[in-house]
1. Test residue A:305 against the stated conditions and say whether it is facing another protein chain (nearest Cβ under 7 Å), surrounded by fewer than 18 Cβ atoms within 10 Å (Cβ to Cβ), modelled with pLDDT under 90 and more than 30 Å from residue B:269 (Cα to Cα).
2. Here is a check on your reading of the model: is residue A:263 surrounded by fewer than 23 Cβ atoms within 10 Å (Cβ to Cβ) and not in a helix (DSSP H, G or I)?
3. Just to be sure, is residue A:235 modelled with pLDDT of 90 or more and crowded, with 20+ Cβ neighbours inside 10 Å?
4. Can you say whether residue B:336 is in a helix (DSSP H, G or I) and more than 8 Å from chain A (Cβ to nearest Cβ), as far as the supplied structure shows?
5. In the range A:58-79, what count of residues is obtained for those that are within 16 Å of residue A:43 (Cβ to Cβ) and outside any loop (DSSP other than H, G, I, E, B)?
6. Quick one: count up the residues across the range A:318-332 that are more than 7 Å from chain B (Cβ to nearest Cβ) and either surrounded by fewer than 24 Cβ atoms within 10 Å (Cβ to Cβ) or closer than 7 Å to residue B:258 by Cβ (or both).
7. Please determine whether any residue of the range B:192-209 is within 18 Å of residue A:26 (Cα to Cα), out of contact with any Phe, Trp or Tyr (no Cβ under 8 Å at 6 or more places or on another chain), crowded, with 22+ Cβ neighbours inside 10 Å and within 13 Å of another protein chain (Cβ to nearest Cβ).
8. If we keep just the residues of the range B:167-226 that are hydroxyl-bearing (Ser, Thr, Tyr) and assigned to a loop (DSSP other than H, G, I, E, B), which is nearest to residue B:157 (Cα to Cα)?
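The values are calculated or read from the model by the stated rules, or taken from the named source; none is laboratory data. What you see is a predicted model; the values in this text were computed from it and never measured. In this analysis, Cβ positions are derived from the backbone assuming ideal geometry, glycine residues included, and neighbour counts consider all displayed protein chains.
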2 protein chains.
Amino acid sequence: MNQKQLLRGAADTVAANVPLADFNTADAVEFLNTLPLPRAADTLAAVPLPRAVKLLEAPELQRAGQLVAALPPPRAAALLGLMADDRATDIVHELDDSHRARLIPLLAPEARHSIQLLLGYPPDTAGALMTTEFVGVPADWSVAQTLQHIREVERSRETVYAIYVLDPSSGQLQQVVTLRRLITGAPDASILSVAQLNPPVTVDPLLDQEEVARLIRRHDLLAIPVVDAQRRMLGIVTVDDILDALIDESTEDVHKFGGVEALDRPYMQIGFFEMLRKRAGWLSVLFLGEMLTASAMQHYEQELARAVVLTLFIPLIMSSGGNSGSQATSLLIRSLALRELRLRDWWKVALRELPTGIVLGGILGVLAIIRISVWQLGGLHDYGEHWGLLALTIGAALVGIVTFGSLSGSMLPFALKRLGFDPASASAPFVATLVDVTGLVIYFSIAALILRGTLL
Amino acid sequence: MNQKQLLRGAADTVAANVPLADFNTADAVEFLNTLPLPRAADTLAAVPLPRAVKLLEAPELQRAGQLVAALPPPRAAALLGLMADDRATDIVHELDDSHRARLIPLLAPEARHSIQLLLGYPPDTAGALMTTEFVGVPADWSVAQTLQHIREVERSRETVYAIYVLDPSSGQLQQVVTLRRLITGAPDASILSVAQLNPPVTVDPLLDQEEVARLIRRHDLLAIPVVDAQRRMLGIVTVDDILDALIDESTEDVHKFGGVEALDRPYMQIGFFEMLRKRAGWLSVLFLGEMLTASAMQHYEQELARAVVLTLFIPLIMSSGGNSGSQATSLLIRSLALRELRLRDWWKVALRELPTGIVLGGILGVLAIIRISVWQLGGLHDYGEHWGLLALTIGAALVGIVTFGSLSGSMLPFALKRLGFDPASASAPFVATLVDVTGLVIYFSIAALILRGTLL
């Protein structure tokens with residue numbers, strides 16, 4: 001551990017005359033991101049070890065896995081061993097099997113052990129996010145002893161602002177002490193004298209990162225302890241890892257809502273064929289679903305032939321259903337994610353969306369009737385002798401379709417959650433497709449009702 | 001300040017026999033959120049002052065403004081005065097003018113001054129997020145002096161983990177010292193001996209919160225100092241405020257992408273008419289835009305009358321354009337937000353989207369040709385003698401429309417950014433509307449080209 005401390009401490013004091021010496025870490029990372037991969041790897045190989053560690057630990061560094069893979073293996077292993085173990089694990093995750101098999105045996109035993117432990121947890125869980133480098137002290141220590149210990153290990157720990165007090169015999173987590181309270185304690189007093197009164201909030205290593213973020217926010221913590229079934233500490237998840245996880249999560253949510261499989265790397269770094277794969281899948285599924293509109297239209301082909309004027313408004317009517325559905329879905333996705341609503345509240349939402357949809361549809365219906373009347377009476381277009389009934393049909397169809405869109409758009413996230421999926425998997429294109437087919441049926445049914453004996 | 005310290009310290013030790021005494025803060029907040037407003041306000045009026053402060057400071061408390069407005073004004077003013085000033089300002093922001101005018105004069109001078117200062121900054125800026133309760137010490141202090149000062153003020157500061165070293169005469173920010181480094185310093189040494197080597201990263205009070213989040217993450221900070229043009233400190237933004245801001249921001253982004261004005265309160269708390277307003281605006285604008293599809297269709301009415309079969313595929317073709325557009329928009333919105341791409345990179349993106357769109361359109365085109373052939377040859381539907389040319393028309397139109405959708409969907413966020421708007425204002429319904437009209441024109445132009453002399 002001593003070498004690790006020394007090297008980390010030296011990171012700020014790199015000599016001049018080495019690559020990137022004039023940059024601070026954040027700027028150096030930005031510069032590395034712009035270099036072609038081989039040159040970036042050469043640069044990373046040439047900077048002093050502690051500096052390279054800082055660069056690899058920066059969350060904004062792109063292609064970290066590829067960079068490590070391109071380094072000479074002993075150098076790569078040295079870097080991984082010196083890095084914070086959670087970040088090192090992220091990088092090992094990105095390596096392919098052959099690189100992984102070559103690097104892991106070269107790691108120091110301690111680093112190898114903690115990386116292999118962290119590799120075992122599924123991605124996006126507390127276990128995968130956590131670091132094992134926390135400060136844990138036995139409950140029979142004094143304030144002064146603890147402070148002295150922190151001074152010694154400070155350089156090798158991700159955070160020292162939360163100190164975990166463990167049962168000396170069982171190793172179970174007893175209490176949490178914050179550094180700000182610790183420094184106010186009397187030196188000879190027991191560490192427990194400055195501990196928080198509430199029992200510590202802990203998480204299971206398999207808890208989803210979104211849930212971990214919620215707990216950290218809810219209890220206003222800088223780090224949350226991850227414990228096993230016996231309340232022995234496995235590690236901690238720190239607030240900066242949660243910040244990164246939240247940013248990734250919100251990228252993923254926007255991608256999913258747009259109907260793409262989430263990308264885990266920047267746009268320009270995704271290969272052409274990978275990009276196609278991420279998009280073609282959903283696009284084809286939606287296309288196959290949307291083919292039902294062609295079948296529905298075929299069903300009404302006779303009506304269409306008799307009243308071509310009906311087709312003029314199909315895009316307008318269908319898109320309004322999709323738009324109102326995508327509005328409702330976006331509202332409910334977030335309400336469910338933020339736990340403002342539970343699964344059992346679905347009927348309350350349905351009861352609100354029903355009148356909301358009727359009024360929204362009514363507004364659009366009136367707009368449509370005005371549009372048709374103005375064009376007809378202003379001589380801009382002739383919709384035929386039954387234009388009044390046609391306008392009524394369009395207006396009524398809009399009420400029906402927007403109501404259906406709002407209702408199904410709001411119920412979709414509940415349905416997905418009920419089926420065990422992430423409500424955020426509901427995408428705007430998916431809602432639109434769902435609404436389109438039914439929209440056509442609503443339109444033609446209302447047309448048949450109003451226009452029978454005149455146009456149809 | 002002394003009373004503030006004492007009261008805050010007492011918050012953990014509420015006596016039994018008072019409301020909520022058995023709950024920890026997070027659970028009590030959840031309970032309050034479920035109560036009707038008058039009962040929640042009564043409860044908040046009955047708990048001890050320090051407990052009420054903790055509850056009001058919790059980011060998950062809903063209706064905080066309404067609760068404070070419902071309290072007796074002297075109690076409300078006492079609570080606001082004891083709260084962290086940034087959170088108190090948030091609440092004052094939520095009050096209407098009459099409540100605000102009644103409460104502000106009742107505040108203690110110090111609290112009134114800092115709340116009025118913070119109220120002056122536009123929402124979602126560093127100034128609006130910051131707290132003025134930070135630890136600042138003159139540069140001529142020693143390590144021991146600083147530690148003693150922190151012990152004294154610890155209870156009244158939002159964070160003591162970053163200590164700001166100020167020039168004794170000008171008050172300018174010189175250096176930042178972290179508490180973890182401070183406790184490793186020799187007691188008699190100057191505070192500057194444990195300061196960071198790099199000049200501190202600072203922000204302007206008018207900087208957008210998304211940018212503040214990016215800097216905090218980039219430099220791995222727990223708090224970032226906000227300074228004026230003379231580098232005098234105005235306050236700090238802490239990582240927990242950024243966490244809240246990021247969660248709000250990602251809710252806003254999903255709402256906007258769904259085509260709704262962002263809601264600032266939970267779904268069930270938005271009144272019926274406010275909800276209508278938030279949705280009807282965009283829905284009507286999109287509807288007016290989409291009316292152009294009816295105009296486009298009118299233009300092709302003769303072709304439609306001659307070849308009704310063409311109408312069967314209009315919904316299928318148009319939705320594919322919208323879907324590919326919404327995919328591209330979701331990808332680029334996040335890439336721009338994360339600064340993976342700059343405005344000047346638009347042509348690189350266009351050069352990638354062009355072939356991507358062609359291949360994606362080709363895949364859908366082949367699926368459509370297969371669908372038409374199977375239905376025709378399998379006797380499921382008769383598309384007429386020219387069904388082969390019809391299939392070719394649909395396939396070619398899909399290539400054109402999906403390419404156009406991908407291109408315009410990806411360029412829209414750049415265009416919005418160029419015009420000074422947030423790229424995240426691009427919504428899936430907006431892209432779909434944009435693509436729909438052009439999609440119809442592409443479809444009918446290709447049909448005219450391929451089917452002239454046969455169907456048309």
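1. It is true that residue A:305 is facing another protein chain (nearest Cβ under 7 Å), surrounded by fewer than 18 Cβ atoms within 10 Å (Cβ to Cβ), modelled with pLDDT under 90 and more than 30 Å from residue B:269 (Cα to Cα).
2. yes
3. Considered against the rule, which asks whether it is modelled with pLDDT of 90 or more and crowded, with 20+ Cβ neighbours inside 10 Å, residue A:235 comes out as yes.
4. Working: in a helix (DSSP H, G or I): yes; more than 8 Å from chain A (Cβ to nearest Cβ): yes.
So residue B:336 passes the test.
5. 9
6. The qualifying residues number 0.
7. Looking through the range B:192-209, none of the residues is within 18 Å of residue A:26 (Cα to Cα), out of contact with any Phe, Trp or Tyr (no Cβ under 8 Å at 6 or more places or on another chain), crowded, with 22+ Cβ neighbours inside 10 Å and within 13 Å of another protein chain (Cβ to nearest Cβ).
8. B:202
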